[in-house]
Amino acid sequence: MQKRLANWGNYPVVASEESTFSREDQLQDLLHTQTPLIARGNGRCYGDASLGAHSISTLKYDKVLSFDIEKGLFECQAGVTLDQILDIIVPKGWFLPVTPGTKFITVGGAVASDVHGKNHHVDGAFSNQVVSMDVITSQGLITCSPDQEPDLYWATCGGMGLTGIITRVLFRLKKVETSYIKQKQIKARNLDEVIRLFEENKHYTYSVAWIDCLQKGDSFGRSILILGEHAAKAELSPQQAQAPLQLPSKKKLTIPFNLPSFVLNTFTVKAFNWLYYAKNTKREINNVVSYEPFFYPLDAFLHWNRGYGKAGFVQYQFVLPMDQKQGLVEILQRISSKGLGSFLAVLKVFGQQDNLISFPMEGYTLALDFPVRKGLFEFLDELDALVLQYGGRLYLSKDARMKQEVFWQSYPHVQRFAGIVKQYNRNNRFRSLQSDRLLLTAQPSELIMNNEELMIREAVVK
Amino acid sequence: MTVLILGAGSDMAVALARQFAAEKYDVQLAARNTSFLQAQENDLRIRYGINASSHAFDAVDFASHPAFYESLPVKPDITICVFGYLGDQELGQTSWQEASRIIHTNYTGAVSILNVVAADYAARHQGTIIGISSVAGERGRQSNYLYGSAKAGFTAYLSGLRNRLFHNGVHVMTVQPGFVYTRMTEGLTLPPLLTAQPIDVASAIVKAARAKKNVLYVKWFWRYIMLIIKYIPEFIFKKLKL
């Protein structure tokens, strides 16, 4: 069915043919068509990674295949979302080994983006927990793992769907005693202090900082560091201890339509950030909370992305090596002086990881939202140059606009990745707007033709 | 409590199985090709902690129906007839193979299996039969009257069966889903306001079955849309391109 599709950033918007399948033979039928395809899960990547002329929705391929309650192994089809998995595993004393900031993503998407969580420095990315998976490539169905068809495996983890369609994933879970998190929040006056606090607290399994990046002078980089551990039974309040593995309630608020874009300006963002900071009156708060507000604070607001208005937004997430802190300072200063108003600024630490094409590498990663408006993309190009200069790179799952040369210069194994993609993606059967833009599946000359298709999204940026 | 789902592979059947499983019903999945049901069976068991089983069932192999029903390890409390075949109207106008497949899947096959189920329920004075019919059966239109006429037959069958089995304490419910976003309708452009998701249909059915409704229109306004369509005079109707 022809549809207007956009991912979480509501930018870009494209006209796309969308097909579904609930059985493998139905998927095989779809693959017999000639048009290029790209797999799409729940549409929670931010940019154009899962958008293309023809997208294949995995959402109906959503059967749970096995759950070993003794060993903590979970196997499912690619369209099952993490929120469904939590409902099944938490009451049995298990948790996701790695989870991003939203639980509304599919398992296929988790692999294709090789998602990370607040525990990357301890547990690595999602690919670290995958035992094996099936991918339907242009060569047919291939089962792969770190030991079996490793080329395909490593090019699929973080490979943005370019090796084919992930259909089945078997992965390890994490044992928990309770569904609660023992949380510590510490206020940091500025960027130096929060980085020092990160280093002092690196033994914590979970850590993340929310930065108010509009502050200047001494309080530049004012933030709240949030640390957490899975709570043991003994750490629960008597009330919580009555049902230690209880699932959080499902009540949700929603933003029912796009807010006009003036709602988010420097003033409102400042006010929001101030309120967020000021609600912690003490320097340090310790409490035991349900996993929901700890891992998924924004999931409580369904469609929070509409808060950025019709033109949409891009989330800019980059990582810089550990020893490039001055790069972090310089980039934040640029953002702060530009005042383009970032609703969210999230800082996390990555531990060591050197996969073929996954985003994480040891260092600091910062993510910020920018509403789409005139002049934004030029500004982000300037930031890209800084990220490159400091030896960092951008997260493909958030990307909607990076220039291809930035990508090819910043991912060290990209040549090898492109070679493996060619092998499993004959005749560019799998391609997205992003893969074309980054010249992974298109020649520069083809991009001119593609620009016609891009018109829908350009039209929105006024 | 056990529910039998005839035609278990469709999007609507998947949603129905999950809704009933969430209500702690054990689920019997029946379809022609049981190899595709394994994943669904595991899914229901793991998600809802109920018993699920798969059974080979071919809607157009009428002779096999009594043996199929006999072979079920537990007789279901609720039987839902979900299978159907939209078919190709234009092809069916000239190809008897296509026309008869539409008729036999949507009407003859349903009558054949439900006769067997009805006999058992009537004898035991219990049970609920749910038939998924279609608003296409309320008036024949040029675009799908083969499918529509078969569903019209099915709707009339269910109505008669309800009348007969009422006196035996057996409930029969007719479901008119209207447009639903499923694989069957993927090629069509459907008006969003009039179109339901499979999960909406399934939860409406679970609720209506509990309330012992006779005829369920999943989106209430379909009842009135069809009422209007039925009352357009024939001399006008025949000129319309519907």
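Values in this text are rule-based calculations from the coordinates and carry no lab data. Just so you know, these numbers come straight off a predicted model, no measurement behind them. Using ideal geometry, Cβ is built from the backbone for each residue, glycine included, and neighbour counts are taken over all protein chains shown.
Counting every other Cβ atom within 10 Å of each residue's Cβ, A:Lys398, A:Lys71, A:Lys182, B:Lys75 order from fewest to most as A:Lys71, B:Lys75, A:Lys182, A:Lys398. Backbone amide hydrogens, once placed in the peptide plane, bring A:Val288 within less than 5 Å of A:Gln183, excluding anything fewer than 5 places away on its chain. Structure remark: mean-square fluctuation, Gaussian network model of chain B, C-alpha springs under 10 Å; the largest value among B:Gly160, B:Gly87, B:Gly187 belongs to B:Gly187. Between A:Asn287 and B:Lys238, the FRET efficiency from the beta-carbon distance, with R0 = 51 Å, is close to 0.10.
Dividing the convex hull volume of the alpha-carbon atoms in chain B by its residue count gives 128 Å³ per residue. With a simple spin-label model that places each label point 7 Å from the Cα along the Cα-to-Cβ direction, the separation between A:Lys338 and B:Arg223 comes to 5.7 nm. For B:Met173, nonlocal amide neighbours, meaning residues 5 or more places apart or on other chains whose placed amide H falls under 5 Å from its own, are B:Ile129, B:Ile130, B:Gly131. Rounded to the nearest Hz, the phi-derived 3J(HN,Hα) couplings of segment A:152-159 under the Karplus curve 6.51 cos²θ - 1.76 cosθ + 1.60 (θ = phi - 60°) are 5, 4, 6, 7, 8, 6, x, x, where x marks glycine and proline.
Take each residue in A:17-24, count the other chain C-beta atoms within 10 Å of its C-beta, and the mean is 4. Peptide packing: for A:26-38, B:188-200, the average count of neighbouring Cβ atoms within 10 Å per residue gives the ranking A:26-38, B:188-200, highest mean first. Along its three principal directions, the equivalent ellipsoid of segment A:103-192 from the Cα gyration tensor extends over semi-axes of 31, 15, 11 Å, largest first.
Please name which of B:Thr108, B:Ser133, B:Leu86 has its Cα lying farthest along the dipole of the protein assembly as shown towards the positive end, using unit charges on Cβ (Lys, Arg +1; Asp, Glu -1) and the Cα centre as origin. Of the candidates, B:Ser133 comes out farthest on the positive side. A simple charge model with +1 on the Cβ of Lys and Arg, -1 on the Cβ of Asp and Glu and nothing else charged puts the dipole of segment B:2-237 at about 780 debye relative to its Cα centre. Per residue, the convex hull spanned by the Cα atoms of chain A amounts to 139 cubic angstrom.
Say a site is exposed when it is one of the trypsin sites (Lys or Arg not before Pro), sits in a DSSP loop, and has at most 11 other Cβ atoms within 10 Å; what is then the longest site-free stretch of chain B? Segment B:25-211 is the longest. Other protein chain C-beta atoms within 10 Å of residue C-beta, averaged over B:35-48: 5.
What does the helix-only formula give at 222 nm for chain A: each DSSP H stretch with n ≥ 4 adding -39500 (n - 2.57), the total divided by the residues, and the result rounded to the nearest 500 deg cm²/dmol?
-8000 deg cm²/dmol
Considering only A:Tyr364, A:Thr178, A:Leu162, the residue lying farthest towards the positive end of the dipole of the protein assembly as shown is A:Thr178, judged by Cα position with unit charges set on Cβ. Dipole check for the protein assembly as shown: with +1 at the C-beta of Lys and Arg, -1 at the C-beta of Asp and Glu, and the Cα centre as origin, the magnitude is about 2320 Debye. Counting only complete DSSP H runs, which helices of chain A cover 18 Å or more along their long axis at the Cα atoms and score a mean Kyte-Doolittle of -1.0 or above? Membrane-span-like by this criterion, though nothing is claimed about a membrane: A:325-338, A:376-389, A:444-460. With neighbour counts taken as other beta-carbon atoms within 10 Å, the residues A:Glu193, A:Glu378, B:Glu41, B:Glu90 rank, fewest first, as A:Glu378, B:Glu90, A:Glu193, B:Glu41.
Here A:Leu347, A:Leu162 are placed in order of increasing Cβ neighbour count within 10 Å, fewest first, which gives A:Leu347, A:Leu162. Of all the options B:His171, B:His125, B:His55, the one that moves most in a Gaussian network model of chain B with Cα springs shorter than 10 angstrom is B:His125.
Among B:Ile5, B:Ile46, B:Ala150, whose Cα sits farthest toward the positive end of the charge dipole of chain B (+1 at Cβ of Lys/Arg, -1 at Cβ of Asp/Glu, about the Cα centre)? Most positive-ward Cα: B:Ala150.
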